[in-house]
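Undergrad: Below you will find the structure I want to go over with you.
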Amino acid sequence: STKITNIKPDMQRALPSRIMSLLTKAGQVAERLGYQVYAVGGLVRDVMLKVENLDVDLVVEGNGIEMAYELSKEIGGRVRPHEKFGTAEIVFPDGYWVDVVTARVEYYEYPAALPQVEQSTLRHDLYRRDFTINAMAVALNPNRFGELVDYFNGREDLEIGAIRVLHNLSFIEDPTRILRAVRFEQRYDMAIEPQTMRLIKEAVREKVLSRLSNERMWGELKSILDEADPEHMLDRLDELGVWDYLFPEITFWEVQYVISEMPQALMILRNWGWAEPAEKWLPYFLGILHLTNQETAYQICQRYNLGRRQTDKVLDTIANGRIALKRLSTEGDVPLSELTKIVQTLPREAYPLFLTLLEDKNAIRRFRMVMESVHKNKPVINGKDIRAMGYQPGPMYRRALDAVWRARLDGLVSTREEELEYIRAYLEQNNAPKIQPKQPKPAD
Ligand code: ATP
């Protein structure tokens, strides 16, 4: 283990040049300050797997906050220091950020004292991490740039594909690591090695997961549902007895089919021009909750502290999904506008779920038609045109435009002129309020 491995060539291959340049500057700044600096964690792991990863986590043997300020002078961004922890983030206007932490050991001067933070070595910092594959570092100082620091044989575990904890109390210390183990195992097609697996089973048996806050549970669950292929992770969580802590109200096998079909549905929808939602996890979440009733779904959303908008999407799916399914599966001449109206009661994040639940070819064909019409048949006129006709802005605008949309779907209007004519008639029929002409000021 005296042989020094340099992974600079792998870094150059896996990382975009702006990240390479950032890492190089970090090394130069640290050198000037007399510190050693390292990139650690996921970035190192992914460089060695030749996978792109743009998350830069720096560990400094020295003053991390000072380092962050000096580095931001070179690379820009704003520093957000956390004095108490000796950590800082360098935040850029586009939302990108770099974490800078001070390598340290926490020790207690005397029993019950607050931990004193002492500047110390990289090794301690790495020892607190979850798995060997995540506990490697790469030196960035100019004379050592690219030197791999691997105290726990992470490299070998990467090569053999083993997820391995650093010590036996790891899952007791932090039960979220059980979910993380599953996530990395399935993401990289690796295997939780036998001793680590024994520790997971023991920890689950001792119910360590019941000590976990809902917030931390959700953090890891959401990371899983945001992954490219969560379905095998969820299988594995069920197999390990973790599912019952995540969704005690839901029997896994009842939703397993829908979850397993989700990747296929997502792919089909993308081909149909459906844009991937910003909240990638939501289609899966809807798949998990779709058989529950409103109250249960609401409780689960509350427990995981989902926002109002997201909760509404869950409840809308449960309230309207069954009717929508039925109408789409009904043979006969239901006008496209009618079907569209029904599908529009569902959030678009529910379309993948919906597609997995549609059984016959005709229903799927109808669903596709509706989807494409939702995308392509938007009216060309808009609120400005209504305004120009002298109507008061208000909820009527939306209703009138929806009416034009439906008319378009059913082929009643196709040109801009026809749309204008149609909406004029609609607004008159519905007594839409006109803008009042200004009253002349009474004379003094
Ligand atoms: P991803 O590719 O999902 O971002 P990552 O490894 O970068 O993977 P993060 O959650 O961003 O995952 O964590 C960054 C690093 O912090 C990890 O590589 C790991 O070393 C450490 N870490 C994160 N969470 C824990 C934890 N619960 N216990 C111990 N170490 C952790």
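Undergrad: Find the residue count for region 278-332, including only residues that are at positive phi and within 18 Å of the chain's Cα centre (by Cα).
TA: 1
Undergrad: Follow-up question, since we're still on this one. Just the residues that are within 16 Å of the ligand (Cβ to nearest atom), surrounded by fewer than 18 Cβ atoms within 10 Å (Cβ to Cβ) and in a helix (DSSP H, G or I), please, taken from region 190-213.
TA: If the condition is that a residue be within 16 Å of the ligand (Cβ to nearest atom), surrounded by fewer than 18 Cβ atoms within 10 Å (Cβ to Cβ) and in a helix (DSSP H, G or I), then 211 is the only one that fits.
Undergrad: When you scan region 45-57, how many residues do you find that are outside any loop (DSSP other than H, G, I, E, B) and either near the ligand (Cβ under 7 Å from one of its atoms) or free of Cβ contacts under 8 Å to residues at least 40 places away in the same chain (or both)?
TA: Number of matching residues: 3.
Undergrad: Which ranges mark the helices (runs of 4 or more DSSP H) fully within region 215-271 that have 1 or more residues being within 16 Å of the ligand (Cβ to nearest atom) and among the aliphatic types (A, V, I, L, M)?
TA: Result: 230-239.
Undergrad: What is the one condition in (1) within 16 Å of the ligand (Cβ to nearest atom); (2) surrounded by fewer than 13 Cβ atoms within 10 Å (Cβ to Cβ); (3) touching a residue at least 60 places away in the same chain (Cβ under 8 Å) that residue 4 does not satisfy?
TA: Failing condition for residue 4: (1).
Undergrad: Among (1) without any contact (Cβ under 8 Å) to a residue 12 or more places away in the chain; (2) surrounded by 13 or more Cβ atoms within 10 Å (Cβ to Cβ); (3) under 28 Å from residue 318 (Cβ atoms), which single condition is residue 387 missing?
TA: (3)
Undergrad: Out of (1) assigned by TED's automatic domain parsing to the domain that holds residue 223; (2) away from the ligand (no atom under 12 Å from the Cβ); (3) part of a helix (DSSP H, G or I), the odd one out for residue 123 is which?
TA: Of the numbered conditions (1) assigned by TED's automatic domain parsing to the domain that holds residue 223; (2) away from the ligand (no atom under 12 Å from the Cβ); (3) part of a helix (DSSP H, G or I), the odd one out for residue 123 is (1).
Undergrad: Additional query: Which ones in region 335-355 are closer than 16 Å to residue 318 by Cβ and among the β-branched types (Val, Ile, Thr)?
TA: 342, 343, 345 - these are the residues of region 335-355 that are closer than 16 Å to residue 318 by Cβ and among the β-branched types (Val, Ile, Thr).
Undergrad: Exactly one of (1) more than 25 Å from the chain's Cα centre (by Cα); (2) without any contact (Cβ under 8 Å) to a residue 12 or more places away in the chain; (3) outside any helix (DSSP H, G or I) is unmet by residue 80. Its number?
TA: Every listed condition holds for residue 80 apart from (1).
Undergrad: Report, ordered by the first and then the second residue, all pairs with beta carbons closer than 7 Å, sequence separation of six or more or different chains, a first member in region 219-239 that is in the same structural domain as residue 180 (by TED's automatic domain parsing) and surrounded by 16 or more Cβ atoms within 10 Å (Cβ to Cβ), and a second member that is of a type in the set (S, T, N, Q) and part of a helix (DSSP H, G or I).
TA: Close Cβ pairs (under 7 Å, with a partner that is of a type in the set (S, T, N, Q) and part of a helix (DSSP H, G or I)) amount to 220/176; 231/260; 232/186; 233/186; 236/186.
Undergrad: Can I ask one more? Are any residues in region 22-37 hydroxyl-bearing (Ser, Thr, Tyr) and either within 12 Å of the ligand (Cβ to nearest atom) or in a helix (DSSP H, G or I) (or both), and if so, which ones?
TA: 24
Undergrad: Show the residue pairs meeting these rules: Cβ distance below 7 Å; 6+ apart or different chains; first residue within region 161-181 and within 16 Å of residue 133 (Cα to Cα); second residue of a type in the set (A, V, I, L, M, F, W, C) and part of a loop (DSSP other than H, G, I, E, B).
TA: Close Cβ pairs (under 7 Å, with a partner that is of a type in the set (A, V, I, L, M, F, W, C) and part of a loop (DSSP other than H, G, I, E, B)) amount to 161/190; 162/190; 163/190; 166/135; 166/152; 178/242; 179/242.
Undergrad: Tell me whether region 137-145 contains one or more residues that are within 15 Å of the ligand (Cβ to nearest atom) and at pLDDT 95 or above.
TA: Yes, region 137-145 contains at least one residue that is within 15 Å of the ligand (Cβ to nearest atom) and at pLDDT 95 or above.
Undergrad: Could you check, for region 168-189, whether at least one of its residues is more than 9 Å from the ligand (Cβ to nearest atom), part of a strand (DSSP E or B) and of a type outside the set (S, T, N, Q)?
TA: no
Undergrad: How many residues are modelled with pLDDT of 85 or more and either farther than 21 Å from residue 357 by Cβ or of a type in the set (Lys, Arg) (or both) if we restrict to region 367-382?
TA: Matching residues across region 367-382 total 3.
Undergrad: Of the residues 77, 62, 86, 42, which single one is surrounded by 15 or more Cβ atoms within 10 Å (Cβ to Cβ) and either within 14 Å of residue 146 (Cα to Cα) or within 15 Å of the ligand (Cβ to nearest atom) (or both)?
TA: From the options 77, 62, 86, 42, the qualifying one is 42.
Undergrad: Right, next: Quick check on this structure: which one of 379, 352 is within 30 Å of residue 263 (Cβ to Cβ) and either in the same structural domain as residue 287 (by TED's automatic domain parsing) or outside any helix (DSSP H, G or I) (or both)?
TA: 352
The values are calculated or read from the model by the stated rules, or taken from the named source; none is laboratory data. All of these numbers come straight from a predicted model, not from anything done at the bench. All Cβ positions, even for glycine, are placed from backbone atoms using ideal geometry, and neighbour counts span all protein chains on display.
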